[in-house]
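Below you'll find the structure, written out as structure tokens, and then a few comments.
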Amino acid sequence: MFSEFILNDGAEFNSDLNVPFVPSDELIVESMLDLAGVTSHDFLYDLGSGDGRIVVSAAMGRDTRGVGIDMDPLRLDEAREFAASMGMDHLVEFIEDDFFNADISRATVVTMYLLQSINLLLRPKLLTELKPGTRIVSNSFDMGEWEPDDRCFAAGSHIYKWVIPANVAGVWQWHTQDNQQYKIALSQTFQRISAKAWMNGEPVEVIATDLCGSRLMLTLGDADNARTFYWRLVGEQLQARAGETGYVSATLI
């Protein structure tokens with residue numbers, strides 16, 4: 001089973017491999033929470049939660065609700081005792097489950113200290129089950145060709161952050177209040193966007209694109225006559241960002 005080879009909040013394999021449990025450094029834990037921007041408005045899931053220090057630290061320092069998922073009953077008992085001793089058991093819970101099967105859809109933040117091979121196996125689940133905008137933070141191991149959106153270095157460890165991107169691939173059209181007709185064809189690899197655009201049926205340069213969660217920014221035109229559009233994917237529409245005027249929602253064609 002996959003979870004036999006998972007590094008928890010400290011490095012732990014199954015007992016047959018004779019590798020001891022090694023708790024994460026406190027600085028690494030706080031750096032992970034800082035990089036994710038964890039607040040009291042978040043719901044944090046820690047995959048391979050070990051002794052529970054990540055979810056308990058988030059609860060203690062940031063009033064964050066959290067769930068730790070682990071396969072080891074002894075570690076889960078230790079985590080529950082730790083949370084109770086810190087007076088945080090009203091904010092956190094620990095469940096025994098294989099996180100490949102667990103429902104993590106409520107998460108706004110996911111933390112992990114796993115092997116890269118496990119990260120890659122988890123990647124499809126994370127991309128399909130988590131809502132756009134959910135932040136993922138990994139201690140030490142990346143996600144292969146899915147490039148991180150941010151990273152830092154703490155206590156000898158690289159820490160990586162990703163933001164789950166919305167699926168905006170397709171051909172979109174919209175018009176502006178000055179009767180300009182736009183069409184753009186978007187292709188997508190994770191959060192990276194490539195695009196071709198037309199204005200009034202004529203090709204127009206795509207100067208910049210940026211996708212973060214469900215928010216998409218497009219700058220079209222040229223250096224002397226550029227126009228930037230700010231969108232948010234809602235259902236099957238790209239809706240103009242609050243406060244933006246001059247253009248309508250874009251629709252798929």
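How far, in degrees from 0 to 90, does helix 73-85 lean away from the longest principal axis of the Cα atoms of the chain, to the nearest 10? So the helix axis and the longest Cα principal axis differ by about 80 degrees. A dipole drawn for the chain from +1 and -1 charges on Cβ atoms has a positive end, and of Phe82, Val163, Thr39 the residue lying farthest that way is Val163.
If you add up the charges near Ser85, with Lys and Arg at +1 and Asp and Glu at -1, over every other residue whose beta carbon is less than 14 angstrom from its beta carbon, what do you get?
Values: positive: Arg53, Arg80; negative: Asp51, Asp77, Glu78, Glu81, Asp89.
Counting the neighbours of Ser85, the net charge comes to -3.
Largest GNM mean-square fluctuation among Leu74, Leu127, Leu33, using the chain with Cα springs under 10 Å: Leu74. Computed over region 144-253, relative contact order equals 21 percent, with contacts defined as Cα pairs under 8 Å that lie 6+ residues apart. Look at the dipole of the chain built from charges on Cβ: of Leu91, Leu252, Gly61, the Cα furthest out on the positive end belongs to Leu252. Taking Lys and Arg as +1 and Asp and Glu as -1, the other residues whose beta-carbon sits under 13 Å from that of Ala242 total +2. For the chain, what does the helix formula give at 222 nm: sum of -39500 (n - 2.57) over DSSP H segments with n ≥ 4, over the residue count, nearest 500 deg cm²/dmol? Result for the chain: -6000 deg cm²/dmol, rounded to the nearest 500. When the solvent-accessible area of region 114-253 is split by element, carbon and sulfur atoms take up 47 percent of it, the probe being 1.4 Å.
How big is the charge dipole of the chain about its Cα centre, in debye rounded to the nearest 20, if each Lys and Arg gets +1 on its Cβ and each Asp and Glu gets -1 on its Cβ?
Values: 19 positive and 37 negative charges, 238 e Å.
Here the size comes out at about 1140 debye.
Using a probe of 1.4 angstrom and keeping all protein chains present, the accessible surface of region 103-253 works out to 50 square angstrom per residue. Positive-end ranking of Ser214, Gly243, Ala226 along the dipole of region 183-246, with charges on Cβ about the Cα centre, is headed by Ser214. Note on region 123-253: Kirkwood radius taken over Cα pairs, Stokes-Einstein applied at 25 °C and 0.890 mPa s, translational D equal to 153 µm² s⁻¹. Beta bridges assigned by DSSP with both partners in the chain are antiparallel in approximately 75 percent of cases. Recomputing Rg and Dmax of the Cα atoms in Å from the coordinates shown identifies the correct label among (1) 16.8, 56; (2) 21.4, 70; (3) 22.0, 74 as (2).
Who wins for biggest fluctuation among Gln239, Gln177, Gln188 in a Gaussian network model of the chain, springs between alpha carbons below 10 Å? It is Gln177. Using a Gaussian network model of the chain in which every pair of alpha carbons under 10 angstrom is joined by a spring, one finds that among Asn139, Asn167, Asn101 the greatest mean-square fluctuation is at Asn101.
The values are calculated or read from the model by the stated rules, or taken from the named source; none is laboratory data. Model, not experiment: these values are computed from the prediction. Methodologically, a virtual Cβ is constructed for each residue, glycine included, from the backbone with ideal geometry; neighbour enumeration extends over all protein chains shown. Remember, those area values only see protein heavy atoms, side chains included, never the ligands or the DNA or RNA. Shrake-Rupley method; radii C 1.70, N 1.55, O 1.52, S 1.80 Å.
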